[in-house]
1. Considering only DSSP states other than H, G, I, E and B, which GluC sites (Glu not before Pro) in the range 314-411 qualify as loop sites with at most 16 other Cβ atoms within 10 Å?
2. Working only with C-alpha atoms, what are the Rg and Dmax values of the range 137-260, expressed in angstrom?
3. What is the range 179-332 by shape, rounded, prolate or oblate, if you read a ≥ b ≥ c off the alpha carbon gyration tensor as root eigenvalues and call it rounded for a/c under 1.5, prolate for a/b larger than b/c, and oblate otherwise?
4. Quick one: dipole size for the range 105-249, taken about the Cα centre, charges +1 on Lys/Arg Cβ and -1 on Asp/Glu Cβ, in debye to the nearest 20.
5. Scan the range 182-237 for GluC sites (Glu not before Pro) in coil per DSSP, keeping those whose Cβ has at most 16 other Cβ atoms within 10 Å, and list them by number.
6. ³J(HN,Hα) across the range 184-190 via Karplus (A = 6.51, B = -1.76, C = 1.60, θ = phi - 60°), whole Hz, x for Gly/Pro?
7. Viscosity 0.890 mPa s, temperature 25 °C: Stokes-Einstein D of the range 322-411 from its Kirkwood Cα radius, in µm² per second?
8. Considering amide H positions built from the backbone, and no H for Pro or chain starts, which residues 5 or more places from VAL39, or on another chain, come under 5 Å of its amide H?
Amino acid sequence: MNTRYLFRLLALSAALSAATACIFPYEVDLAENGEWPFVVEGDIQIGGKTTVYLSYVRPFQSKDTNEYALRPIQASGYIQGEDGTRVESRTAYDPISSSYHSGSYYSTSPGGVLEFDTSQLSPHQRYRLHFDLLSPGSVTESFESDWLEVCPAPTIDALSYSPHPEFEELWIGLSMHCNGSHYFRWTFEEAWEYHSDLSTFYEYKPERREIGYFEGPGLYYCWKENNSPQINIFSTANQTEDRFEELAFHTIALNDKRLQQLYRITVHLEAMSENAYNYWNNLQQSSEGQGSIFSPTPSEMASNVHCLTNSSIQVMGYLNAAELADAVMYYDNAEARFYKPDRPYETFEAEVGLDPLAMDAKYHAGFLPYSAVYGASPMPTAYIWVAAICIDCRKQGGTKTRPKDWPSSHY
C-alpha cells in the first residue's frame, strides 16, 4: 500500500483548517508513559510481497530528544497462519520514513521496514503479524495484530482511457467485478516516455572545453516515473450491482508531458474489510478537512495492532490482508494523438565561436550547443547555443534510464 504520506497530509490540512475555521489543529497525544505514538503501515498481501513500515510520531517543533523516539528502528517479525504457517521477516532501514514528514506539523523518527515473502501463502485462512523491536541483545517491545481474514481479489476487467476536450483532460477508467466485496483500496504507478523540444547531434564536453558528437544516447528522449501518494479508497456498499464500468479514477491534462509519447499506468486493487475501510475513510476525511469537529482524531481510532508488552503504547495504523488484482494500460500518442502541447520554451539563440573560455561560460550560464555554423571551411566556425531545458530532457525531471519492461525505444 502507498499511504506513507498520509500523516503529512493530515498535519497540513489541520494547520489550514485552523487558519480558516473554528477547528483546533490536531495534536499528537503522548501515551501514558510519555512515549510518542507508534505507527504501523502496511498490508499482508497474499500472493506477493508484504512490506510493513514502522516509525514513531512526534511534533515537528518539539525539542524532545527522547532516545526511544529518535533512534533508527530495528525490528524482526513474522506472519503467522492459523494452520501454523510462519513467514519470517527480512529487515531493512528505511531512509524515506525518516524524512517524509519533513516540514509538516509533526515528523516521524528514523524508521524501520519489515519485508515478507507472502507469495506462497494460501488465501483460505486467517493471518496475523507479530514483530519485536530490538536493541542490542534484547527485545524492547513486542507487537501483534488481530487475526485477519483474507479479502478475495476483485477482478479487473479492463483499464481504458477517453478524452474529454471540454475539460482538457484524459480520463482513465476502471472496469471491475467486485466478487462479493464492498470496500476497496487502490494504488498505481505511472511511467512515461517524453522528449525535449529540440534535438541535437552535438555535445559539449566541459572537462575538455570542446564540442563533439554524442557518444551513445543523446538528450532528446527521457523517462519519468511516479507513484500515487494519496489514500485511494471507495465503497460499493450502496450499489446493487457487483461490478463497475469505466469508473474514472485518474485524470491527466491533455497538455501534460505524460501523454507526449508513451504512457503506462499499473493499477493495484485490493478489497478491504469494513473495519479497515472505516479507519482509512476517517483518516482520509481528516487529511482532506472533510471531517466534522465530532469526527474521531487518528489517536482515537482503534488500531488492530497492539503492544503486547506495554498496553500504554498507542499504536496508529490499520492492517488489512488481501489478494491483489493488478492491471496495466498503455497510452500511445502515436496512435491516439490526444496530446496538446504547450508553446515550446522560448529558444533564445546565441552564436558562440570556438574559443574555449567563451563556450565554457555559455555552458555554465545554462546553455547547450544546438547547431553548427559553417563558413568557407568544411569545419564549423561557431555553434548556435540555446537554453539547456530545450535540449536536455533531464531538465524536466526525467532520467535516461528506461523503466523495467518498457516497450521498444525510439532510439
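The numbers here are math on the coordinates, done by the rules we state, and not lab data. Computed from a prediction, not measured in an experiment: that's the story for all the values here. As a convention, Cβ positions derive from the backbone with ideal geometry for all residues, glycine included, and neighbour counts pool all protein chains shown.
1. Passing both the DSSP loop test and the Cβ count: GLU346, GLU349.
2. Just the Cα atoms of the range 137-260 yield Rg and Dmax of 23.5, 70 Å.
3. Values: a/c = 3.05, a/b = 1.99, b/c = 1.53.
Judged from the Cα gyration tensor, the range 179-332 comes out prolate (a/c at least 1.5, a/b above b/c).
4. Working: 8 positive and 24 negative charges, 69 e Å.
Charge dipole, the range 105-249, about its Cα centre: 340 debye, nearest 20.
5. Details: sites: GLU189, GLU190, GLU193, GLU203, GLU207, GLU210, GLU215, GLU225; in loops: GLU207, GLU215.
The qualifying sites are GLU207, GLU215.
6. 9, 9, 9, 10, 8, 10, 10
7. Numbers: Rh = 17.1 Å.
The calculation lands on 144 µm²/s.
8. Amide H to amide H, under 5 Å and 5 or more residues apart or across chains, VAL39 pairs with SER55, TYR56, VAL57, MET316.
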